[in-house]
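Participant: Please see the structure below; I have some questions.
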Amino acid sequence: MNSRLALFRRRAVGALASVLVTVTLAGQTPAPGGPAENETAATRSPEDPQLVWTPNHVVLVSKEVAPAVFAVFPDDAAAKNAAGVPVATSGGFVIGDNGVLVIESMLNRRLAEQMLALIRAQTAKPILYLVNTSYHGDHSYGNQFFPAGVQIVQHVATQAYIQTHFAADVAFMMQYFGRNSGMDELRPQRAQILLQDGARVQFELGNKSVQVLHLGFAQTDGDLFVWLPAEKVIFTGNPIISDGPSLPWLLDGKMDASLTTMRKLLALLPRDAVVVPGHGRPTGIAAIEYPIGYLEELKRQVSAAIADGLTEAETVQRLAVSMTRYAGYKIFPWVHSQINVPKTYQELKKGT
Ligand SMILES: [Zn+2]
């Protein structure tokens with residue numbers, strides 16, 4: 001990450017912390033888990049209101065969303081998604097006759113081991129592939145805790161980022177997720193299977209076929225989607241955060257490219273597809289339509305503000321008020337006013 005972006009992110013994160021203090025969720029009822037989850041739940045830490053979400057609080061559960069296709073998500077996802085509160089990372093796994101394909105390795109040893117335990121609760125078959133939908137640490141830092149011989153699947157841009165920015169990225173993630181979250185032992189890992197732009201690669205697990213797709217820039221240069229056409233299940237990673245009122249985080253800008261990619265994603269899916277988002281419970285394609293609607297309106301309103309001769313600060317001010325119908329996402333003041341609007345203003349201003 002360049003230093004300007006790093007500075008921007010540091011400021012944005014500082015501002016996020018002040019927003020998060022006001023975000024708490026009382027009386028949530030976690031989904032019931034199996035014996036392993038209950039054991040983990042007994043050791044969970046309380047939530048730290050200064051963090052986006054608290055890694056040591058997370059307990060992952062699995063749900064079979066199609067035969068031998070499992071979503072893995074935090075036990076408090078349903079309550080938090082509905083309330084617009086940020087949730088820890090989701091992923092999943094697919095069990096075929098020959099072995100298992102896993103989506104996401106999570107943030108640290110504690111969460112990677114929960115993912116592995118959920119897999120082992122279902123099957124003793126070998127893990128063949130591990131797909132990271134982006135370089136973001138909460139999706140990929142757990143790679144080093146997977147058994148030797150597992151083939152890691154990434155986009156080339158994801159691997160390039162990991163090999164060149166790892167230490168800075170871990171330092172950045174510690175600001176979001178705390179210094180006591182098990183990130184000291186992380187080391188950059190090599191991927192064995194690298195996908196290029198526009199890739200559509202099919203992985204055969206015996207009786208199950210899994211497609212890994214690169215549809216373009218969505219939130220990073222290397223976003224991958226995992227698609228099971230026969231089972232009609234899509235794993236999206238970060239580009240689709242969750243159902244409920246969550247919004248895209250345009251940390252790296254490129255609103256227009258992101259909108260194009262999300263429209264491509266939606267066009268690919270049947271109406272009854274199961275969507276396993278990057279940070280929430282399994283849901284349907286409304287979770288893709290909602291952020292597309294938001295980005296379309298963001299684009300329209302920022303374009304109008306530029307046409308009216310408004311500065312970036314004036315545009316932020318105007319859209320903080322004119323787009324409050326999206327304020328159900330509790331971090332709206334941060335993600336909308338401090339990330340998405342300024343990034344979109346800079347992008348569209350360049351084009352004028
Ligand atoms: Zn994420």
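The values are calculated or read from the model by the stated rules, or taken from the named source; none is laboratory data. The model shown is predicted, which means the values in this text are computed figures rather than measured ones. A quick note on method: Cβ atoms are made from the backbone with ideal geometry, for glycine too, and the neighbour counts reach across all protein chains shown. Surface areas here come from the heavy atoms of the whole protein model, side chains and all, with no ligands, DNA or RNA. Shrake-Rupley method; radii C 1.70, N 1.55, O 1.52, S 1.80 Å.
Participant: Tell me the per residue accessible area of segment 77-216 using a 1.4 Å probe; a whole number in Å² is fine. Each step should come with its number before you reach the end.
Facilitator: Details: 4970 Å² over 140 residues.
With the other protein chains kept in place, segment 77-216 gives 36 Å² per residue.
Participant: In a shell of Cβ-Cβ distance under 13 Å around Pro270, excluding Pro270 itself, what net charge do Lys and Arg (+1) and Asp and Glu (-1) give?
Facilitator: Summing Lys/Arg as +1 and Asp/Glu as -1 gives 0.
Participant: When the chain is modelled as a GNM with alpha-carbon springs shorter than 10 Å, which of Pro333, Pro282, Pro147 fluctuates the most?
Facilitator: Maximum fluctuation in the GNM of the chain, among the listed residues, is at Pro147.
Participant: May I pose another question? Based on the Cβ-Cβ distance from Glu185 to Gln151, what FRET efficiency comes out when R0 is 30 Å, to the nearest 0.05?
Facilitator: 0.85
Participant: Sticking with this structure for a sec: If I fit a long axis through the Cα atoms of helix 341-350 and take the longest principal axis of the Cα atoms of the chain, what angle between them do I get, 0 to 90°, rounded to 10?
Facilitator: Helix 341-350 sits roughly 70 degrees off the main axis of the chain.
Participant: Students often get this wrong, so check it: of Lys125/Lys264; Lys264/Lys299; Lys330/Lys350; Lys232/Lys330, which have C-alpha atoms separated by over 24 Å?
Facilitator: From the list (Lys125/Lys264; Lys264/Lys299; Lys330/Lys350; Lys232/Lys330), the Cα-Cα distance tops 24 Å for Lys125/Lys264; Lys330/Lys350; Lys232/Lys330.
Participant: If you don't mind, another one. Given Leu51, Leu128, Val65, which one lies farthest toward the positive end of the charge dipole of the chain, if we put +1 on the Cβ of every Lys and Arg and -1 on the Cβ of every Asp and Glu?
Facilitator: Most positive-ward Cα: Leu51.
Participant: How much length is gained if the chain between Asn38 and Thr311 is pulled fully straight, taking 0.36 nm per residue apart and subtracting their Cα-Cα distance, in nm to one decimal?
Facilitator: Value of the extension gain: 93.0 nm.
Participant: Counting only residues 5 or more places away or on other chains, whose amide H sits under 5 Å from the amide H of Ala199 once H atoms are built in the peptide plane?
Facilitator: The answer is His214.
Participant: In square angstrom, rounded to the nearest 10, how much accessible surface does Ile127 have for a 1.4 Å probe?
Facilitator: 20 Å²
Participant: Still on this structure: Assuming 0.36 nm per residue, please report the length gained on full extension of the stretch Lys349 to Ala320 beyond their Cα-Cα distance. Don't skip to the end; give the middle numbers.
Facilitator: Working: separation 29, 0.36 × 29 = 10.44 nm, distance 1.86 nm.
Result for the pair: 8.6 nm of gain on full extension.
Participant: Quick check: at a probe of 1.4 Å, how many percent of the accessible area of the chain sits on carbon and sulfur atoms?
Facilitator: 54 percent
Participant: Moving on. Any idea how far the Cα center of segment 202-229 sits from the one of segment 156-195, in Å?
Facilitator: 21 Å
Participant: Between helix 286-307 and the chain, what is the angle of the helix's C-alpha long axis to the longest principal axis, kept within 0 to 90° and rounded to the nearest 10?
Facilitator: Between the helix axis and the principal axis of the chain, the angle is about 20 degrees.
Participant: Same structure, new question: Suppose the chain between Thr164 and Glu113 were pulled fully straight at 0.36 nm per residue; how much longer would it get relative to their current alpha carbon spacing?
Facilitator: On the way: separation 51, 0.36 × 51 = 18.36 nm, distance 2.63 nm.
Length gained, Thr164 through Glu113: 15.7 nm.
Participant: State to the nearest 20 debye the size of the charge dipole of the chain about its Cα centre, where the only charges are +1 on K and R beta carbons and -1 on D and E beta carbons.
Facilitator: For this selection, approximately 440 debye.
Participant: Suppose only helical runs count, i.e. DSSP H with n ≥ 4. What mean residue ellipticity at 222 nm does that imply for the chain under -39500 (n - 2.57) per run, divided by all residues and rounded to the nearest 500 deg cm²/dmol?
Facilitator: On the way: 10 runs with 128 residues, N = 352.
Computed mean residue ellipticity for the chain: -11500 deg cm²/dmol.
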